[in-house]
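Here's the structure, in structure tokens; my notes come after.
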Amino acid sequence: MRYLLVFFVLLISSSHALQFSSRIKALGTDLAWLIPDYQTDLYRNPQFFSARMLGIAYDESENTPLSIMLASRRIGVLTRYWIDYDYELEPGYYGWQSTEEYTIEFEDLWMIRIKDEVWNIYNDGLIRRYEEDNVQTYNNYLLNDLEYFIRSQTSFYFGRLNIDLKIAAGFYERIEQYNHIDNYNQRIGITSGRIGLFYCNMTPPDHNRFTSWYLMFGGPISRDEIDSLPYSIYSDLADHERKLKYFGNTFISRFGWAKVWPLTDNGFFVMGLRDNFLFQPIHDFMTDNNLQAINNSLRIPLAVEYSIKNIYLRFGTRGFYDFTRSKESNAAGLIRENITHKLGYDYSFGIGWQPTRNLSIDLHNQEYLNILSNWSINVIYMF
């Protein structure tokens, strides 16, 4: 019976809400995958899936912040659903005008152990319907959006080098109707993937002194990454056109490095470097122009974790430099170009309490310590 336990997440509100643990959020998410952390590393390496645990989390930044999970060593399921519905009815001089909109988003992660190997399988989708009726003008406008992404993941080792592989496929459809007649209908298929190399030379019991790095490159592998691209994937599609895109016409690379030094036996100090790069060329069929975007973000994270008996104090900060360039051109040459630079910093705090070996309670806050509603809490029980 114990091997049939699964973990189930209820009322989670935002994509990737549990991708980073409260501990990593307190130290800085730029250090994710560079500092060993079980909850965070589960998303990076399926082979870490081993512990059974029950967790309850409250995240102040989410619309529906409560989450619950239960995990076993054999199979795991993480499900997330968000439902939004809005209806308005307004009177007019000659009749009524109504608008109705609903959105259903879902995301789930299946972790399946087959003999000694674990595979992660992700599903990620959105269903949206918007309708507007105007009785006075006898006009009806209807919009249907469907987005779906699925990917599988596995990892394996060569000594201390871990290789992570992700293969993904997506399907997108957008239909617009005016007075019940299709005037815009697009469908896109996307195949993509990503490979990651991870290294850490930590040797137990010296867990507070090590060097780690990772390198990842490929295309977008989730709906969130597609939706956050500089240009819409619909930009180069004419009406009623179908197309298959490889890697979403986008190249993404990510690099991270960290060096960890001990602070006696009770803590550590870490300095890191992280770079995220994105390149997206696309053609706009409406203007018949070529579009190109380059985004690069360079970050230098610093963090400290120190324990006093069973209480852990955490602080993280980072400096960052963001560069973006977008340009539009045609056969005659450059039409316009926009370049932006952004330089800044931010910081985060956290407190952890581990009253027993199996129970941990973690809090974290982004910059506003004096506002209680900005604190997030995560409670994990390992059993």
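Values quoted throughout were computed directly from the atomic coordinates according to the rules given, and no laboratory measurement underlies them. As the structure is a prediction and not an experimental result, all values here were calculated from the model. Ideal geometry is used to build each Cβ from the backbone, glycine not excepted, and the neighbour counts take in all protein chains shown.
Short-range pairs are left out: with C-alpha atoms under 8 Å and at least six residues apart, the relative contact order of the chain is 14 percent.
Bridging of residue 25 to lysines at a Cα separation below 20 Å is possible for 259, once same-chain residues fewer than 8 apart are set aside. Residue by residue, segment 143-156 carries 3J(HN,Hα) couplings of 10, 10, 10, 9, 10, 8, 9, 9, 8, 10, 9, 8, 9, 8 Hz when phi is fed to the Karplus relation 6.51 cos²θ - 1.76 cosθ + 1.60 (θ = phi - 60°); x denotes Gly or Pro. Annotation note: chymotrypsin sites (Phe, Trp or Tyr not before Pro) in segment 84-135 located in DSSP loop regions with a Cβ neighbour count of at most 16 within 10 Å are 93, 94. Sequentially through segment 265-282, phi angles give Karplus couplings (6.51, -1.76, 1.60; θ = phi - 60°) of 9, 10, x, 8, 10, 10, 10, x, 8, 9, 9, 10, 10, 9, 10, 9, x, 7 Hz, Gly and Pro residues having no value and appearing as x. A full extension of the chain between residue 163 and residue 100 corresponds to an added length of 18.0 nm, given 0.36 nm per residue minus the alpha carbon distance. Panel order for 305, 337, 176, by other beta carbons found within 10 Å of each beta carbon, from fewest to most: 337, 176, 305.
Segment 345-383 and segment 252-306 have Cα centres separated by 24 Å.
For residue 326, what charge total do you get from the other residues with a beta carbon under 11 Å from its beta carbon, if Lys and Arg give +1 and Asp and Glu give -1? Taking every Cβ under 11 Å from that of residue 326, the sum is +1. Gain on full extension, evaluated as 0.36 nm per residue between residue 215 and residue 135 minus their Cα-Cα distance, stands at 23.1 nm. Computed from label points 7 Å out along Cα-Cβ, the spacing between residue 271 and residue 56 is 4.2 nm. Counting neighbouring Cβ atoms within 10 Å and putting the fewest first, the residues 41, 346, 288 line up as 288, 346, 41. Loop-resident trypsin sites (Lys or Arg not before Pro) (DSSP state other than H, G, I, E or B) in segment 242-341 with no more than 12 further Cβ atoms inside 10 Å of their Cβ: 309. Between residue 156 and residue 325, the C-beta separation translates, for a Förster distance of 51 Å, into a calculated FRET efficiency of about 0.85. Placing a label point 7 Å from the Cα of residue 345 along the Cα-to-Cβ direction, none of the residues of segment 238-271 has a backbone N under 13 Å of that point. Other residues within the sphere of radius under 13 Å centred on the Cβ of residue 235, judged by their own Cβ, net out at -2 (K and R +1, D and E -1). A dipole drawn for segment 128-171 from +1 and -1 charges on Cβ atoms has a positive end, and of 149, 134, 161 the residue lying farthest that way is 161. Over all distinct Cα-Cα pairs of segment 2-382, the Kirkwood formula returns a hydrodynamic radius of 23.3 Å.
Estimated purely from DSSP H runs of n ≥ 4, each contributing -39500 (n - 2.57), the mean residue ellipticity at 222 nm for the chain is -1000 deg cm²/dmol once divided by its residues. Net length available on complete extension from residue 241 to residue 184 is 19.6 nm, with 0.36 nm assigned per residue and the Cα-Cα distance removed.
Positive end of the dipole of segment 2-382, charges at C-beta (+1 Lys, Arg; -1 Asp, Glu), about the Cα centre: which of 279, 232, 315 has its Cα farthest in that direction? So the residue furthest toward the plus end is 315. Classification of segment 229-333 by its C-alpha gyration tensor yields a prolate form. The axis ratio a/c (a ≥ b ≥ c) is 1.5 or more, and a/b outweighs b/c. Hey, with R₀ at 51 Å, roughly what FRET efficiency would residue 382 and residue 335 work out to, going by the Cβ-Cβ distance, to 0.05? The pair residue 382/residue 335 has a calculated efficiency of 0.30.
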